[in-house]
Amino acid sequence: MLAPLSWLKEYIDITLAPKELGEKLTEVGLGCEKIIKTSDDIIFELEITPNRPDCLSIIGIAREIAAIENKKIKYPILKTNLKPKAKLLPLIIKTDPNINPRFTGIIIKGIKVGESPKWLKDKLKKMNQRPINNIVDITNYVMLELGNPIHAFDYDKIIGNMMTVSKTKGGEKFESVDDISYHLAKDAVVISDKEKIIDLCGIKGGKNSGTYEETKNILIRVPVEISSLTRRTSQALGLRSDASSIFERGVNTGGTIDALKRTVDLVLELAGGEIASDLYDIKEKDFKPWKLKLRIDRLNKILGIEIPIKKIMVILESLNLSPILTKNIIEATIPTYRQDLKIEEDLIEEIARIYNYNNFPKTLPVGEIPTIQVPYFKDYRLDEKIKNILQASGFSEIYTYSLIGEKDLPDGINSQDILRVDNPVSRDFEYLRPTLKINLLKALSQNKSNFENISLFELGKVYSGKNLDEAKEIYFLSGITNSKNFFEVKGLLEKIFEDIGINENPTKYIEILDKGIFFELNYSEILKNISASWRTNKVFKPLPKYPPIVEDLSIIATENAETTDIISEIKTQSPLIADVSLLDRFENSRTFHIIYQDKNKNLTGEEVAKIREKILKSLKGKFNVGLKE
Amino acid sequence: MQIKNSAVSMIIDAVDQKELEEIKLQFLGRSGKLTLTLKGITKIPVEKRSEVGKLANEVKKTIEETLEEKNSTLRSKFSSLKKQSIDTTAPGIKPAIGHLHPMTQVLSEVIDVFKQIGFQVADGPEIETDYYNFEALNIPKDHPARDTQQTLYLDTRNSKVNPGEIILRTQTSAMQGRIMEKVKPPVRVIVPGKNFRYEQVDSSHGFEFWQVEGFMVDTNVMLTDLFGTIEYVLQKLMGKNVKLKFTTTNFPFVEPGVDTYIECSICKGKGCSFCKQSGWSEIMPAGMIHPNVLKAAGYDSQKFSGFAFAIGLSRLVTLRYQMNDLRLLTNPDMRILNQF
């Protein structure tokens, strides 16, 4: 929303410097994004939150300044009493309060459509609006000034002098004043005359009933529309207007008569003519201000400070909320333009924001620290531990997008079989990644021009399932390296598994690619399998009191005998074998490092010799292995 | 004992390794003092032999240990003298370790800071229902606040899901309902995670970004607690001198609504493209939890109150390291990673 300083000053005395005013407006909730200096004015660009449709008007912004500065606002003086002067022109209005809660309108006869005066055109231009003719410009001007959208119909184009407000069935055609044709969806609220749709309520007027040079008589309509219906139609058509933004958020239901009066005053002044109908104000509800109670003790409890009651009353007064205090309870009367004030907490915010958040003291929460494990608990120490091991092993961490493009998919993964976003920001980010491999491979090649040795990993989510019924998100831990060999990667994973208490052979997680060694683990599965006691389940083993006997055993074994099988076979031969590892491998010979250890006494050479014999015998039987000569 | 004391004092006084060798010979050598004593053990009555033998062995051990200690001191002295012959000004050889992503580093600090004030850490789904992402947060369908969080909807092909029901979460706040409906107050929790929005990418916005949601509910949680918590956290993360500013804002799931800005670290408050020339960067939207949200979770909104906030983690990381573009965080270029 734009707000020229000169226009604001018509309603409120402003002494603050523009920068300071911008900061104060931001503090109370009208985020000042820009202050634009023009040749003759200063224009504030404000971000209005969805709860404050009243601030989509200059008077609304002026009211906020009045509250900040505790000053009074000057409303424009309304002259007309809306009583008809000319012979009445007939009009039958059929409407339904369920789809059009309020229909306020009047007919003016004998106007002269023409160019707007300079002051009006200048004002609209400052608001980035294109002046059209005096009637259209007046309706736009009054909307910008007071916040109630207004539409002027050419009375003579309303066939049959009849207006019917109804919902569409779907598929109807509508051409807007700006020459665009729409096919309307179901449940759009429209006005029809005897023959055709002449207005898309709350969003755009129809081309067939607009105000043009030849227009003599007009119907001015100031409605209250239903937020959700306006929003749905506006979204379905992708058509937004200043009016629809206001109706979507909730228009000033009590403001229609004043907006009509203001419009009529200006029409009579700038385009001539005479009122030629009684006032139409068709509604079921009375749209009066409502009462809201505020308990002082509740206010203090939520805010954490005791603002003096006098100050509270001044703030509420400055917001035009007519507070009445009785026994620590304030009753406020909420003007109809503040549709956002519905509960006690809303009033609490009003007081806090005008008091200014930056004037509050700061405290830290007291009270009991929760000790029960929170639902969805995650132990980040495990992530940290694993990442630290990877880092220590020379891997660097990357974070990549979850969304990938179809062209990124490797052979074997069909885009039909993975989860897809219906409305992607671009084709490059349309699918949820089923693996971390894609982005790791990309990262590897991206770095090749600058680095020779590349080792990268990512701990992130992948998304499985062919459709939403099967959808699952799983943490994967994956890495790629072009500078470490298979055994280094395997050893790294072995180290991780060992440290978090997982007894598994990591070989199946490792893939040897042309570009390097890749690994991918289902980290969610690991989280499930390790007990919460992964940090505490290590038990100290007392140091041996007796020395071990260590020997290296070289054997000749066929290629297909797997080292892991040989090792476990050796281990099963005696409980006195404390550890076995592969020391060396050359052609068909393998050397194993064996540690013999007895907890209770010194081992003798004879005992070891016996075990060695047993080992050789069993290896020979199982793997046809012989001792190296 | 005499032998021991004299040997030890001689060893300590020795100035070089040669002298040390001589001392060793003098005591432990074939005709050394201690060796001779041990040889003379046969002259001692049998019942005392073991005692003397034990003592002699202890003395021998002490002398050996002292010798070794002195020897190593002399050796290092020698080598430090030798050091002068290499160019010690050349840089050292760093271990070939990798780099943890700045996001990980900052997140672990964030977790640490919150743990100190009793917050636990939770983790939740990115594929989320419209209910938890919006409705449970007081944002019904057709609410204009949905415009501020343009949503990525998931394709419902071949599934029983109604279009529009399953989305990629737009905010980690979606975890408020999920957690609160499962646990009674007091609750203090933070939820780090990735969010998705239909948003055109620029230097300070992305369609995927990280937040750390946090909230607490108890019998007596106040707005001043929220301000105090925010100040505590941001001072810990950004330094004691961080400049903060609180403004009013509106999110349907909080009332009163608060937004937190810190002075833009990239331009030091002067105004740049990252902070849209304002000199301030929005970092931590927050507020007192709306009674409707408490009610939706089954809490008594008159008895309990709470606050909620979301730290823009991606933005915090960029501000912390004065990175002028959020996209640097998802760029796997090692020239970036190696700086952290």
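The numbers here are math on the coordinates, done by the rules we state, and not lab data. Just so we're clear, the structure is a prediction, and the values are computed from it rather than from any experiment. Cβ coordinates were reconstructed from backbone atoms using ideal geometry, including for glycine residues, and neighbour counts include every protein chain displayed.
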Aspartates and glutamates within cross-link reach of A:Lys207: Cα-Cα under 17 Å, excluding same-chain residues under 8 positions apart?
A:Asp137, A:Asp154, A:Asp156, A:Glu172, A:Glu175, A:Asp178, A:Asp179, A:Asp193, A:Glu195, A:Asp199
From phi via Karplus (6.51, -1.76, 1.60), per-residue ³J(HN,Hα) for the stretch B:25-31 in Hz, x at Gly/Pro:
4, 4, 9, 9, x, 4, 10
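Near B:Met180, within a Cβ-to-Cβ distance under 13 Å, what is the net charge of the other residues, with Lys and Arg +1 and Asp and Glu -1?
Details: positive: B:Arg178, B:Lys182, B:Lys184, B:Arg188, B:Lys295; negative: B:Glu181, B:Glu213, B:Asp218, B:Asp300.
So the surrounding residues net to +1.
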By the Cα gyration tensor axes a ≥ b ≥ c (a/c under 1.5 gives rounded; else a/b larger than b/c gives prolate, otherwise oblate), the shape of the stretch A:293-411 is prolate
Computed about the Cα centre, the charge dipole of the stretch A:340-428 from +1 Lys/Arg and -1 Asp/Glu charges at the Cβ has a magnitude in debye, to the nearest 20, of 400
Answer rounded, prolate or oblate for the stretch A:2-69, using the Cα gyration tensor with square roots of eigenvalues a ≥ b ≥ c: rounded when a/c is under 1.5, else prolate when a/b is larger than b/c, else oblate.
rounded
Lys/Arg Cβ at +1, Asp/Glu Cβ at -1, dipole of the stretch A:549-627 taken about the Cα centre: which of A:Thr572, A:Ile549, A:Ala561 is farthest positive-ward?
A:Thr572
For the stretch A:451-486, state which trypsin sites (Lys or Arg not before Pro) are in a DSSP loop and have at most 16 other beta carbons lying within 10 Å of their beta carbon.
A:Lys466
Run the dipole for chain A about the Cα centre, Lys and Arg Cβ at +1, Asp and Glu Cβ at -1, nothing else charged, and hand back the magnitude in debye, nearest 20.
1520
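Between B:Tyr198 and B:Asp300, what length in nm is gained on full extension when 0.36 nm per residue of separation is reduced by their alpha carbon distance? Numbers along the way, then the final one.
On the way: separation 102, 0.36 × 102 = 36.72 nm, distance 3.53 nm.
Full extension of this stretch gives 33.2 nm more.
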For the B:Leu25, B:Asn338 Cβ pair and Förster radius 51 Å, calculated FRET efficiency rounded to 0.05 is 0.35
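Are there trypsin sites (Lys or Arg not before Pro) in the stretch B:271-329 that DSSP puts in a loop and that have at most 13 other Cβ atoms within 10 Å, and which ones? Mind dumping the intermediate values first?
Values: sites: B:Lys276, B:Lys295, B:Lys303, B:Arg315, B:Arg320, B:Arg327; in loops: B:Lys276, B:Lys303.
Of the trypsin sites (Lys or Arg not before Pro), the ones in loops of the stretch B:271-329 whose Cβ has at most 13 other Cβ atoms within 10 Å are B:Lys303.
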Could you work out how far helix A:380-392 tilts from the main Cα principal axis of chain A, as a 0 to 90 degree angle to the nearest 10?
60
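With an 8 Å Cα cut-off and a minimum separation of 6 or more residues, compute the relative contact order for chain B in percent.
Working: 507 pairs, mean separation 50.8, N = 340.
Relative contact order, chain B: 15 percent.
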Among residues other than A:Val489 whose Cβ falls under 14 Å from its Cβ, what is the net charge (Lys/Arg +1, Asp/Glu -1)?
+1
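With n ≥ 4 as the cut-off for DSSP H runs, can you work out [θ] at 222 nm for chain B, using -39500 (n - 2.57) per run divided by the number of residues, rounded to the nearest 500? If you can, show how the numbers build up before the last one.
On the way: 11 runs with 128 residues, N = 340.
Per the formula, -11500 deg cm²/dmol.
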Whole-Å semi-axes of the ellipsoid equivalent to the protein assembly as shown (Cα gyration tensor, √5λ, descending)
79, 34, 25
Karplus 3J(HN,Hα) series, Hz, for the stretch B:201-208 with 6.51 cos²θ - 1.76 cosθ + 1.60 (x for Gly, Pro):
7, 9, 5, 10, 9, x, 7, 10
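Given the Cα-Cα distance of A:Asn588 and A:Ser449 and 0.36 nm per residue of separation, how much length would full extension add, in nm? Numbers along the way, then the final one.
Values: separation 139, 0.36 × 139 = 50.04 nm, distance 4.05 nm.
Taking 0.36 nm per residue and subtracting the Cα distance, the gain is 46.0 nm.
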How many nm separate the modelled label positions at A:Ser181 and B:Ser273, each set 7 Å beyond the Cα in the direction of the Cβ?
4.3
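Report, in deg cm²/dmol and to the nearest 500, the calculated mean residue ellipticity at 222 nm for chain A, where each DSSP H run with n ≥ 4 adds -39500 (n - 2.57) and the sum is divided by the residue count. Intermediate results must be reported in sequence, preceding the final value.
Details: 17 runs with 188 residues, N = 629.
Calculated from helices alone, the mean residue ellipticity at 222 nm is -9000 deg cm²/dmol.
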Picking from A:Leu459, B:Ile179, A:Gly170, whose Cα lies most toward the positive end of the charge dipole for the protein assembly as shown (charges on Cβ: Lys, Arg +1; Asp, Glu -1)?
B:Ile179
Net length gained if the chain between A:Thr38 and A:Glu195 were fully extended (0.36 nm per residue, minus Cα distance):
51.7 nm
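If each residue's Cβ is checked for other Cβ atoms within 10 Å, how do B:His101, A:His151, A:His183 rank with the fewest at the top?
Values: B:His101 23, A:His151 26, A:His183 12.
Neighbour counts put them in this order, fewest first: A:His183, B:His101, A:His151.
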In nm, spacing of pseudo-spin labels at A:Ser426 and A:Lys617 (7 Å Cα→C-beta vector)
7.3
With point charges of +1 on the Cβ of Lys and Arg and -1 on the Cβ of Asp and Glu, referenced to the Cα centre of the protein assembly as shown, which listed residue (A:Met127, B:Phe251, A:Pro410) lies farthest in the positive direction of the dipole?
B:Phe251
Normalised by the number of residues in the stretch A:92-283, what is the relative contact order in percent for Cα pairs under 8 Å and 6+ residues apart?
35
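At a 10 Å Cβ-Cβ cut-off, how would you order A:Thr558, B:Thr73, A:Thr363, B:Thr260, fewest neighbours first? Before the final figure, lay out each step's value.
Working: A:Thr558 9, B:Thr73 12, A:Thr363 17, B:Thr260 26.
Ordered by Cβ neighbours within 10 Å, fewest first: A:Thr558, B:Thr73, A:Thr363, B:Thr260.
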Please tell me the relative contact order of chain A in percent, rounded to the nearest whole number, where contacts are Cα pairs under 8 Å and at least six residues apart.
10
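Step through the table entries A:Lys387/B:Lys268; A:Lys37/B:Lys245; A:Lys601/B:Lys60, compare each Cα-Cα distance with 31 Å, and write down the pairs that go over it.
Distance filter (> 31 Å) returns A:Lys387/B:Lys268.
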Using a Förster distance of 22 Å, how high is the FRET efficiency between A:Leu527 and A:Asn505, based on the Cβ-Cβ distance and rounded to 0.05?
0.70
Using the Karplus curve 6.51 cos²θ - 1.76 cosθ + 1.60 with θ = phi - 60°, work out ³J(HN,Hα) for each residue of the stretch A:319-332 in order, rounded to whole Hz, and write x for Gly and Pro.
8, 6, 9, 6, x, 10, 9, 9, 6, 6, 10, 9, 10, 10
For the stretch A:497-570, shape from the Cα gyration tensor axes a ≥ b ≥ c, cut at a/c of 1.5 then a/b versus b/c, turns out oblate
A:Lys283-B:Glu64 pseudo-label distance in nm [points 7 Å out on the Cα-to-Cβ vector]
10.6
If every Lys and Arg gets +1 and every Asp and Glu gets -1 at its Cβ, then about the Cα centre the stretch A:495-602 yields a dipole, in debye to the nearest 20, of 740
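Let's test the formula: R0 of 60 Å, r as the Cβ-Cβ distance of A:Lys293 and B:Asn331. What FRET efficiency results, to the nearest 0.05? Mind dumping the intermediate values first?
Details: r = 55 Å, r/R0 = 0.91.
FRET efficiency, A:Lys293 to B:Asn331: 0.65.
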